[in-house]
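Please read the structure below before turning to the comments.
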Ligand SMILES: [Zn+2]
């Protein structure tokens, strides 16, 4: 084998390695894609069982603790949503919407029938 043959082999080898690396990247992406499909199906399985739990249907006792964890998280979310509405000033802490006097525009106390500023009936 001559020098040029060796160089040819070297170039082919480098080229094959580059193609190989590019293919490896594609293969890795495809593996991740397949794995994400499994994760989505697993999520759906979880959602299926949680739906059963919400509808009072029997759920395997082994997964009941996960259902209770989701229940607790949902309660946290509801409390945070309520807090968010309060911070935004749209609702009072009792969850009812904040009302303003249609006559003078003063913010009304929750459950009030009259404006404390102008005396207008707001019931
Ligand atoms: Zn008023």
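No value in this document is a laboratory result; all are computed from the given coordinates. Remember, it's a predicted structure, so these values are computed and weren't measured experimentally. Positions of Cβ are generated from backbone atoms using ideal geometry, with glycine treated the same way; all protein chains shown enter the neighbour counts.
For this structure, a couple of remarks:
- Likely footprinting exposure, 115, 101, fewest C-beta neighbours within 10 Å first: 101, 115
- In the chain, the calculated helix contribution to ellipticity at 222 nm averages -24000 deg cm²/dmol per residue, counting -39,500 (n - 2.57) for every DSSP H run with n ≥ 4.
- Placing R0 at 35 angstrom, the Cβ-Cβ distance between residue 35 and residue 83 gives a FRET efficiency of 0.40 after rounding to 0.05.
- In the chain, the alpha-carbon atoms span a convex hull of 225 Å³ per residue.
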